[in-house]
Amino acid sequence: MTEANRPDVLVLGAGGVGLSLAGALAAVAHVTVACRPRHAGAIRRDGLVMEGVWGDRTVREIACITGLEESLPAPDLVVITAKGFDTRAICEEYADVLKGRTVASLQNGIGNEEVIAEYARNVIGGTVTTNFSVVGDGHVRVKSQSSPMIFGHWSGPDVEMVGRLVEMVRSAGVLVEASTDIRSAKWSKSLLNLSVNPICALLSVQVGRAADPRLRQVIGAIVRETFMVMEAKGVRTDWTTAEAYLDHLFMVQVPDFDTAYPSMYYDIQAGRRTEIDLLNGYIADQGEVLQVPTPYNRCIADLIRFKETNGRE
């Protein structure tokens with residue numbers, strides 16, 4: 001790819017996920033990231049330091065902004081990697097940039113794409129099952145990637161943008177696939193996050209500890225409630241039953257992340273707000289609307305909310 005043919009990509013809400021993706025894409029695109037001033041300062045001064053399964057290197061070809069007051073090239077593609085509770089605020093702030101463009105969501109939780117669709121012409125949904133962490137200012141680590149990144153058409157007339165995005169990510173050396181049913185893929189990803197992340201975050205344990213028989217009972221109840229909500233909403237995933245997913249969870253996913261702490265653990269430790277409202281909180285709210293009992297999801301969501309508040313007081 002020649003320099004002139006490289007697309008312009010804007011990554012909004014760049015923390016561990018967004019900075020890591022920006023570092024990878026910098027090899028094949030002109031990348032600008034909107035990030036916190038501490039990251040922007042470090043990257044402008046020393047470059048983005050990357051380590052882990054996506055390669056150990058320092059990337060200097062990234063432009064950083066901390067807000068719209070700074071110069072911003074017209075992007076060919078926007079990728080939002082912010083926490084789900086910030087989606088609306090970011091879309092409002094960058095509404096003029098998003099208008100008429102293709103925007104991809106690479107975020108946890110359910111409901112982000114619906115918000116983005118109010119601002120953008122085309123929306124691409126995305127999932128990533130990868131352990132990202134911020135080591136320091138302008139320094140990220142990609143510890144593991146248990147399955148390919150997935151993108152799929154969510155809404156809008158330009159369905160070809162998915163293929164172009166997938167090819168760009170693949171050419172950057174990242175495992176990626178296109179999905180013909182991104183809604184199913186989003187729910188499949190959320191199953192991992194809502195079943196394991198909150199309980200490990202509450203107990204301050206690594207993901208591998210979720211295999212303890214006492215925790216498996218609680219996790220099993222959370223997953224079974226979620227499948228009842230999915231059935232009521234007409235959502236289908238690769239797993240036709242809760243038991244089939246639980247087998248996959250404990251045989252594949254939990255071992256893959258055995259020594260990792262979930263991102264929600266780091267949020268709680270740092271006194272940050274979590275994405276519980278887009279995970280177990282969402283399931284509990286949908287259960288109430290659909291008249292599906294979800295006491296375990298409601299309980300775990302309330303416990304996380306208490307922990308959030310207690311940590312900030």
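Of the strands (runs of 3 or more DSSP E) lying entirely inside region 105-162, not one contains at least 3 residues that are of a type in the set (S, T, N, Q) and farther than 30 Å from residue 45 by Cα.
The lone criterion from (1) at pLDDT below 95; (2) surrounded by 18 or more Cβ atoms within 10 Å (Cβ to Cβ); (3) farther than 21 Å from residue 185 by Cα; (4) not β-branched (Val, Ile, Thr) left unmet by residue 282 is number (3).
Residues in region 75-104 that are within 23 Å of residue 5 (Cα to Cα), of a type in the set (Gly, Ala, Ser) and either at pLDDT below 90 or not in a strand (DSSP E or B) (or both): 100 only.
Scanning for something in contact (Cβ under 8 Å) with a residue 40 or more places away in the chain and touching an Asp or Glu at 6+ places or on another chain (Cβ under 7 Å), does region 180-192 turn up at least one residue? Scanning region 180-192 turns up at least one residue that is in contact (Cβ under 8 Å) with a residue 40 or more places away in the chain and touching an Asp or Glu at 6+ places or on another chain (Cβ under 7 Å).
Within region 27-74, restricting attention to residues that are among the polar types (S, T, N, Q) and in a loop (DSSP other than H, G, I, E, B), which residue is surrounded by the most Cβ atoms within 10 Å (Cβ to Cβ)?
66
Answer yes or no: is there a residue in region 2-21 that is part of a helix (DSSP H, G or I), charged (D, E, K, R), in contact (Cβ under 8 Å) with a residue 40 or more places away in the chain and out of contact with any Leu (no Cβ under 9 Å at 6 or more places or on another chain). Taking every residue of region 2-21 in turn, none turns out to be part of a helix (DSSP H, G or I), charged (D, E, K, R), in contact (Cβ under 8 Å) with a residue 40 or more places away in the chain and out of contact with any Leu (no Cβ under 9 Å at 6 or more places or on another chain). Just one of the listed residues (62, 110, 80) is within 12 Å of the chain's Cα centre (by Cα) and either farther than 19 Å from residue 181 by Cα or without any contact (Cβ under 8 Å) to a residue 12 or more places away in the chain (or both), and it is 80.
The values are calculated or read from the model by the stated rules, or taken from the named source; none is laboratory data. Computed from a predicted structure; not experimentally measured. Because the Cβ atoms are built from the backbone with ideal geometry, glycine has one as well, and the counts that use them run over all protein chains shown.
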